[in-house]
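Below is one structure; the comments refer to it alone.
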Amino acid sequence: MQRGIEIGRFITFEGGEGSGKSTQAGILANRLSRAGRAVFATREPGGSPAAEEIREALLAGEISQFGPLAEAVMFAVARGDHVDTAIKESLQEGKWVVCDRFVDSTRAYQGVTGGVPRGLINALEQLTVGALSPDVTFILDLPADEGLARAQARAEGAEPDRFEGQELMTHERIRRAFLDIAEEEPGRCIVVDASQPEAMVAEDVWEAVLRRLNP
Ligand code: TYD
């Protein structure tokens, strides 16, 4: 009897600047590999060759002159390509997809702080990801001033990108937006205290993955 290939799992990391998402996504991807799982570690904006090109334009601020709706559309175009050419295939091959930022970033940055109406954000989500939803989303939570200080220390004098350069108050609103999403969707989202030392954050993440997804 032939056994069908198991569909992979889809895990996303969300949070504000300097919350340690990328580090934690990397640590989790390594742990899953060591547990014997095939892993596709990826990020947004980007994750596919065409979407990486859009990433450059977005982070350089080339789209901001057209306003937040145009940015939301461009993030969505990039996401559509990433989902269609990389994520879906990986899941079908049974891989565990670990993605640094996904739809919740558009909800928070373009929706809440950019003021793009929720109906439009939902429509873009529907167009780009349809029924594909992460199995688990980690919201790495940290006061905005701590996150910005960490991001600045990491950048060592480099110019902030289009989104890092926003005001502290905007970053606080982004933090709140992620916490609101977690409250709305407790079945998908897990809030992790990102002010803890890196190793403790990683333990919280791993413990939740074991509990929810049993890798
Ligand atoms: P990146 O360099 O990946 O930063 P970070 O380490 O904070 O993830 O830059 C991604 C930036 O793009 C980040 O500031 C958030 C922003 N962004 C949006 O505004 N909307 C989106 O849908 C996504 C995916 C990212």
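Go through the residues of the range 104-124 one by one and say whether even a single one is under 17 Å from the mean Cα position of the chain (by Cα), buried (at least 17 other Cβ atoms within 10 Å of the Cβ) and without any contact (Cβ under 8 Å) to a residue 40 or more places away in the chain.
Within the range 104-124, the first condition is being under 17 Å from the mean Cα position of the chain (by Cα), and the residues that meet it are 104-113, 121-122, 124.
Keeping just the survivors that are buried (at least 17 other Cβ atoms within 10 Å of the Cβ) gives 104-113, 121, 124.
Filter once more, keeping what is without any contact (Cβ under 8 Å) to a residue 40 or more places away in the chain: 106.
The answer is yes; a qualifying residue exists.
Among the residues of the range 67-100, how many are within 14 Å of the ligand (Cβ to nearest atom), in a helix (DSSP H, G or I) and not basic (Lys, Arg)? Break it down into steps so the answer makes sense when it comes.
Of the range 67-100, the ones within 14 Å of the ligand (Cβ to nearest atom) are 67-83, 87, 98-100.
Next, only the ones that are in a helix (DSSP H, G or I) stay: 68-83, 87.
Filter again for not basic (Lys, Arg), leaving 68-78, 80-83, 87.
Selection size over the range 67-100: 16.
Check LEU58, LEU32 and return the single one that is closer than 25 Å to LEU213 by Cβ, in a helix (DSSP H, G or I), modelled with pLDDT of 95 or more and out of contact with any Ser or Thr (no Cβ under 8 Å at 6 or more places or on another chain). Don't jump to the end; show me each part of the working.
On the way: LEU58 fails: closer than 25 Å to LEU213 by Cβ.
Criteria check complete, one pass: LEU32.
How many residues does the range 120-160 hold that are of a type in the set (Val, Ile, Thr) and assigned to a helix (DSSP H, G or I)? Don't jump to the end; show me each part of the working.
First, pick out the residues of the range 120-160 that are of a type in the set (Val, Ile, Thr): 121, 128-129, 136-137, 139.
Restricting the remaining residues to those that are assigned to a helix (DSSP H, G or I) gives 121, 128.
Here the count works out to 2.
List the number of the failed condition for GLU183; all other conditions in (1) touching a Cys at 6+ places or on another chain (Cβ under 9 Å); (2) buried (at least 17 other Cβ atoms within 10 Å of the Cβ) hold.
Just one mismatch for GLU183, condition (2).
Step by step: first the residues of the range 21-68, then only those that are in contact (Cβ under 8 Å) with a residue 12 or more places away in the chain and among the charged types (D, E, K, R), then the one that is surrounded by the fewest Cβ atoms within 10 Å (Cβ to Cβ). Which residue is that?
ARG37
Scanning the range 7-20 for residues that are buried (at least 24 other Cβ atoms within 10 Å of the Cβ) and under 17 Å from GLY47 (Cβ atoms), which turns out farthest from the ligand (Cβ to nearest atom)?
ILE11
The values are calculated or read from the model by the stated rules, or taken from the named source; none is laboratory data. Computed from a prediction, not measured in an experiment: that's the story for all the values here. Please note: Cβ atoms are built from the backbone with ideal geometry, for glycine as well, and neighbour counts cover all protein chains shown.
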